[in-house]
Amino acid sequence: MRFAFIREHRSRWSIESLCRVLRVSTRGYRAWISRPVCQRQRTDLKVLAHIREHFVLSNSTYG
């Protein structure tokens, strides 16, 4: 959660400042960024894409 917060707010504040305030290392953040997406996240993204597609095809009535 901390690393995701840093990623979302890095345009406003420096990564170093955010890491210091959240008490995480910049090295840990950069390692988190460079990790590939896990299989579960890839599957979740595929399912989400299908849900969104069907929502559009049903004239925004599905779900």
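The values are calculated or read from the model by the stated rules, or taken from the named source; none is laboratory data. Treat the numbers as computed from the prediction; the structure is a model and nothing was measured. All Cβ positions, glycine included, derive from the backbone under ideal geometry; neighbour counts span all protein chains shown.
General remarks:
- Test for Ser34: is it exposed (fewer than 10 other Cβ atoms within 10 Å of the Cβ) and among the small types (Gly, Ala, Ser): yes
- Residue list for the stretch 28-58, restricted to those being assigned to a loop (DSSP other than H, G, I, E, B) and more than 16 Å from the chain's Cα centre (by Cα): Ser58
- When the residues of the stretch 1-27 are filtered to those that are under 21 Å from Val37 (Cβ atoms) and assigned to a loop (DSSP other than H, G, I, E, B), the one that is modelled with the lowest pLDDT is Met1.
- Listed by first and then second residue, the pairs with beta-carbon distance under 7 Å, at least 6 apart or on different chains, first residue in the stretch 45-60 and surrounded by 10 or more Cβ atoms within 10 Å (Cβ to Cβ), second among the aliphatic types (A, V, I, L, M), form an empty list.
- Among the residues of the stretch 7-30, some residue qualifies, meaning at least one is in contact (Cβ under 8 Å) with a residue 24 or more places away in the chain, among the charged types (D, E, K, R) and surrounded by 10 or more Cβ atoms within 10 Å (Cβ to Cβ).
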